[in-house]
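A.B. asks: I'd like to ask some things about the structure below.
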């Protein structure tokens, strides 16, 4: 794996680590391309059931790399469009990854780093973490990450933080829905492992399909069609190998087979 990103899988858990600690794991074009490749590889890896996204060093992700920003300022509108679209596609790939994802957030999470947090299914932060959507201070907006951040915190909160560009602490991030849990720094790893353990107890196909179910329900505008689709889904799951094993294990008061690995 290239230097700015590391990927390590142990059993069914893949740890995807941003590895640019000297610049607080800030984005540049190379990191975006590497993250895209890693996410596509993880999506295709049947052995991976849970993904933990984390940052090396003192920060989770401080947003855009300064040198990359300088290059963008000198680039044409078309070139900036291509760069922004590449990041948008990476964020979409993370948000729609067919595996449950857990963000381990410590230190700084700004700009695109907030986008990464919002894209993950579960986000747990150290009580020392700091967050910010500071683009407006530069005369810009967090447009690329906006769909995911708004989905996480809601339109009203987004209007405040997008416009003021002020930073906020982990407890505020919890209050507005950006993260699910805030723990002491020395308890962060244990909290992550607890969530990973819960995800591994769920049926692999069910856990992977859960996020698509949520997307489909949120996007639906035809109630009858949604009810039919959801009835189709639960019917398929009930007669699937995984569903049959899960129901049998429950009735027989034993663990299902997928928890034995």
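The values are calculated or read from the model by the stated rules, or taken from the named source; none is laboratory data. Everything numeric in this text was worked out from a predicted model, so none of it was measured. Note that we place each Cβ from the backbone using ideal geometry, even for glycine, and neighbour counts take in every protein chain shown.
A.B. asks: Taking the condition assigned to a helix (DSSP H, G or I) and either touching a helix residue (DSSP H, G or I) at 6+ places or on another chain (Cβ under 6 Å) or not assigned by TED's automatic domain parsing to the domain that holds residue 45 (or both), does residue 190 pass?
C.D. replies: no
A.B. asks: Residues 57, 107, 111: which one is at positive phi, touching a helix residue (DSSP H, G or I) at 6+ places or on another chain (Cβ under 7 Å) and either at pLDDT below 95 or surrounded by fewer than 24 Cβ atoms within 10 Å (Cβ to Cβ) (or both)?
C.D. replies: Checking each option against the conditions leaves just 57.
A.B. asks: Still on this structure, I have one more. Quick check on residue 94: is it in the same structural domain as residue 140 (by TED's automatic domain parsing) and either in a helix (DSSP H, G or I) or farther than 21 Å from residue 190 by Cα (or both)?
C.D. replies: Judged against the criteria, residue 94 is a match.
A.B. asks: Checking residue 112 against (1) under 19 Å from residue 171 (Cβ atoms); (2) touching a residue at least 60 places away in the same chain (Cβ under 8 Å), which test does it fail?
C.D. replies: Status for residue 112: all satisfied but (1).
A.B. asks: Related question: Please state which one of 136, 86, 152, 82 is free of Cβ contacts under 8 Å to residues at least 24 places away in the same chain and assigned to a helix (DSSP H, G or I).
C.D. replies: Details: 136 fails: free of Cβ contacts under 8 Å to residues at least 24 places away in the same chain; 86 fails: free of Cβ contacts under 8 Å to residues at least 24 places away in the same chain; 152 fails: free of Cβ contacts under 8 Å to residues at least 24 places away in the same chain.
Just one listed residue meets the conditions, 82.
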